[in-house]
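What follows is calculated from the coordinates using simple rules that are stated; it is not laboratory data. Remember, predicted model here, so these are calculated numbers, not experimental data. Cβ coordinates were reconstructed from backbone atoms using ideal geometry, including for glycine residues, and neighbour counts include every protein chain displayed.
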């Protein structure tokens, strides 16, 4: 059963403005070897925005971690598996892995496992719009614009990035009793 949002939880930030803020955090550290890789789906959408805001010459890579999840045997294959697309040599390249929400760290771990199947990058950094805490693995974002510690979300609550019919990004928060 979904419970209604309290007034302080109902006011979610503007995800589009957060993408611009994330680009501003990343911009000072850009090098010619920097390439973005977005994790489907929210991270891929954010990586598209960042590529445009940062005026990067190369299109961001996209990664689907479905086959690398540690709960694959329990949950099975996600119904919307998309092809990973990394059209560049990752060897020696500085990668910024992009996701929408960092929670337990398991999605990041799966993405790192898949990235290393493509080669050995010089460095991998993590950029997220939201860090909700609750880590199960030693993973921390290098770039983050929203720390959700003050919301005190329960493990049953779900924060997701969505797109409307015009492609505009927005947050959805579902709180469960």
(message) If you take every DSSP beta bridge fully contained in the chain, what fraction is antiparallel? Give it as a percent rounded to 5.
(response) 30
(request) Can you tell me the order of 98-109, 119-130 when each peptide is scored by its average per-residue count of other Cβ atoms within 10 angstrom, highest first? (result) 98-109, 119-130
(request) Please report 154, 66 as a ranked list, fewest other C-beta atoms within 10 angstrom at the top and most at the bottom. (result) 154, 66
(request) Report the FRET efficiency, 1/(1 + (r/R0)^6), for residue 149 and residue 170, where r is their Cβ-Cβ distance and R0 is 25 Å, rounded to 0.05. (result) 0.70
(message) Using a 7 Å offset from the Cα along the Cα-to-Cβ direction at both residue 81 and residue 135, what is the distance between the two label points in nm, to one decimal?
(response) 3.1
(request) Determine by what factor the alpha-carbon radius of gyration of the chain differs from 2.2 N^0.38 Å, reporting the quotient. (result) 1.02
(message) Could you tell me the calculated FRET efficiency between residue 113 and residue 31, based on Cβ-Cβ distance and R0 = 35 angstrom, to the nearest 0.05?
(response) 0.90
(message) As a test of the formula, what do you get for the chain when each DSSP H run with n ≥ 4 contributes -39,500 (n - 2.57) and the sum is divided by the residue count, at 222 nm and rounded to the nearest 500 deg cm²/dmol?
(response) -7000 deg cm²/dmol
